[in-house]
Amino acid sequence: MSRIVTGERPTGPLHLGHYFGSLAERVRLQKQGHELYLVIADYQVITDRDRAEDLPEQVLGLVLDYLAAGLDPDRTVVFTHSAVPAIHELAVAFLSLVSVAELGRNPTVKDEIAHSRQPSVNGLMFAYPVHQAADVLSLRGELVPVGADQLPHLELMRTIARRFAERYAPVFAMPQPVLSETPRLPGLDGIKMSKSRRNALALTATADEIAAGIRRARTDSIREMTYDPVARPGVARLLQLAALVTGTEPAEVAASVGDAGAAGLKALVTEAVDAFVDPMRRRRTQFTAADAVEILARGNRRAAAEAAATLDAVHRAMGMRYDGLPPASKITHRAAGRLVP
Ligand code: ATP
Ligand code: MG
């Protein structure tokens, strides 16, 4: 059995992109008996905005979203960055293993900078893949179910683990990405569905919210439905979405809409998405905020203890242990005066 480590930023409710990109894989792997650790990366919220808003609601909301998606409340270790100080110390050590040029080349960071509304790029944004390496490596993650945007970060994690082994000692497991069949679900506007880009369909969305989101999606005025991603990209995206949530093919969905036009297509997609999220909405109501608080407190204790043990191994490997007396010949006169009896 392997250990899985992955997670999210507490920037909004989980959406269909999360479900098909990573959550469904987590549920599947957990059912097979693998260990699951989920980081809620509260420190990473302030990479692309000045303040993290409503953190308690956002964080507890994510815990409930996990449970709603089918993760086991007794076996999932959920923790926040801010409760596991060893992660951040490890990130400092890791920063010394990565060049500034490497950080600047990361395509996902470049894309996120392009979409951020900040007037300048802060240091945490630039370095967050290193921070993320500390999330996974501190907990000795072996499998990391993620969307395609995370692949450059996984590569960096592996590079850091390898460089640490070459320079000091082989302390870390070598993490492997696990990609789903839908590693990059587009949003209603065609770019990657994201919590922060107002183009997402949340797993907790009501029927009205789903209808409103799908109503905004661009289509065209040709009544006869055909699946043609090149000539009819907006229509094709909705057909793909309906096919995904109903487990069919886009062309089959097109055939069933026939000549009912964009309105017919949107009605079908709205109903299909609503039926798909309904069991998750219901499961979510079986848990309370108090359940989420308790699960998080337990997860925080467990993750903090494990990451602290990893950090201890890192300190040893880097020679940062000062509880044994060094040989007298190796210490300065001033230090010798204090250290040698
Ligand atoms: P934000 O816009 O605040 O960055 P996000 O929607 O991008 O939020 P993250 O918390 O950054 O979500 O990502 C969490 C995980 O979900 C990552 O593994 C990411 O690859 C995956 N993921 C997010 N969006 C999608 C998507 N549209 N398709 C597939 N996977 C996705
Ligand atoms: Mg993101």
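The values are calculated or read from the model by the stated rules, or taken from the named source; none is laboratory data. Values in this document were obtained by computation on a predicted structure and should not be read as measured data. Methodologically, a virtual Cβ is constructed for each residue, glycine included, from the backbone with ideal geometry; neighbour enumeration extends over all protein chains shown.
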If residue 225 passes every condition in (1) of a type outside the set (Gly, Ala, Ser); (2) under 22 Å from residue 5 (Cα atoms); (3) away from ligand 2 (no atom under 16 Å from the Cβ) but one, which one does it miss? (2)
Can you work out which of the residues in segment 129-155 that are away from ligand 2 (no atom under 12 Å from the Cβ) and in a loop (DSSP other than H, G, I, E, B) is surrounded by the most Cβ atoms within 10 Å (Cβ to Cβ)? 139
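How many residues are of a type outside the set (Lys, Arg), part of a helix (DSSP H, G or I) and under 27 Å from the mean Cα position of the chain (by Cα) if we restrict to segment 237-257? Spell out how you get there, then give the answer.
Going through segment 237-257, the residues of a type outside the set (Lys, Arg) turn out to be 238-257.
If we keep only those that are part of a helix (DSSP H, G or I) too, we end up with 238-246, 250-257.
Cutting the leftovers down to under 27 Å from the mean Cα position of the chain (by Cα) gives us 238-246.
The total comes to 9.
Among 236, 231, 251, which is modelled with pLDDT of 95 or more and under 22 Å from residue 19 (Cα atoms)? Give the derivation first.
Numbers: 231 fails: under 22 Å from residue 19 (Cα atoms); 251 fails: under 22 Å from residue 19 (Cα atoms).
The conditions single out 236.
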Cβ-Cβ distance below 6 Å, separation of 6 or more or different chains: which pairs start in segment 147-176 with a residue that is farther than 26 Å from residue 195 by Cα and more than 16 Å from ligand 1 (Cβ to nearest atom) and end on one that is charged (D, E, K, R) and assigned to a loop (DSSP other than H, G, I, E, B)? 173/140; 173/142
Would you be able to say whether some residue in segment 300-320 is basic (Lys, Arg) and under 22 Å from the mean Cα position of the chain (by Cα)? yes
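Quick check on segment 1-37: of everything there that is in a strand (DSSP E or B) and near ligand 1 (Cβ under 10 Å from one of its atoms), which residue is nearest to residue 201 (Cα to Cα)?
We begin by selecting, within segment 1-37, every residue in a strand (DSSP E or B); these are 3-8, 15, 35-37.
Going one step further and asking which of them are near ligand 1 (Cβ under 10 Å from one of its atoms), we end up with 6-8, 15.
Values: 6: 21, 7: 19, 8: 16, 15: 5 Å.
Among those that are in a strand (DSSP E or B) and near ligand 1 (Cβ under 10 Å from one of its atoms), it is 15.
Inside segment 81-125, counting only helices (runs of 4 or more DSSP H) that do not spill past its ends, which hold 2 or more residues that are surrounded by 12 or more Cβ atoms within 10 Å (Cβ to Cβ) and touching a residue at least 60 places away in the same chain (Cβ under 8 Å)? Spell out the reasoning first.
Numbers: elements: 85-95, 100-105, 107-115.
Counting at least 2 such residues, we get 85-95, 107-115.
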Looking at this structure, is residue 311 aliphatic (A, V, I, L, M) and under 27 Å from residue 208 (Cβ atoms)? no
Residues satisfying the stated conditions in segment 161-190, i.e. part of a loop (DSSP other than H, G, I, E, B) and under 16 Å from residue 18 (Cβ atoms): 179, 180, 181, 182, 183, 184, 185, 187, 188
List every residue pair whose Cβ atoms sit under 7 Å apart, with the two residues 6 or more apart in sequence or on different chains, where the first one lies in segment 5-18 and is under 20 Å from residue 176 (Cβ atoms) and the second, anywhere, is more than 12 Å from ligand 2 (Cβ to nearest atom) and modelled with pLDDT under 95. 6/145
Can you name every residue in segment 161-185 that is within 19 Å of residue 234 (Cα to Cα) and more than 14 Å from ligand 2 (Cβ to nearest atom)? 182
Among the candidates 212, 236, residue that is aliphatic (A, V, I, L, M), under 14 Å from residue 266 (Cα atoms) and in contact with a Pro (Cβ under 6 Å, 6 or more places away or on another chain): 236
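Every residue, every condition in (1) out of contact with any strand residue (DSSP E or B) (no Cβ under 8 Å at 6 or more places or on another chain); (2) among the hydroxyl-bearing types (Ser, Thr, Tyr); (3) more than 14 Å from ligand 2 (Cβ to nearest atom), yes or no:
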{"residue": "5", "(1), (2), (3)": "no, no, yes"}
{"residue": "8", "(1), (2), (3)": "no, no, no"}
{"residue": "12", "(1), (2), (3)": "no, no, no"}
{"residue": "45", "(1), (2), (3)": "yes, no, no"}
{"residue": "55", "(1), (2), (3)": "yes, no, yes"}
{"residue": "59", "(1), (2), (3)": "no, no, yes"}
{"residue": "71", "(1), (2), (3)": "no, no, yes"}
{"residue": "77", "(1), (2), (3)": "no, no, yes"}
{"residue": "81", "(1), (2), (3)": "no, no, yes"}
Residues of segment 202-228 being over 22 Å from residue 58 (Cα atoms), without any contact (Cβ under 8 Å) to a residue 12 or more places away in the chain and acidic (Asp, Glu), which ones? 228
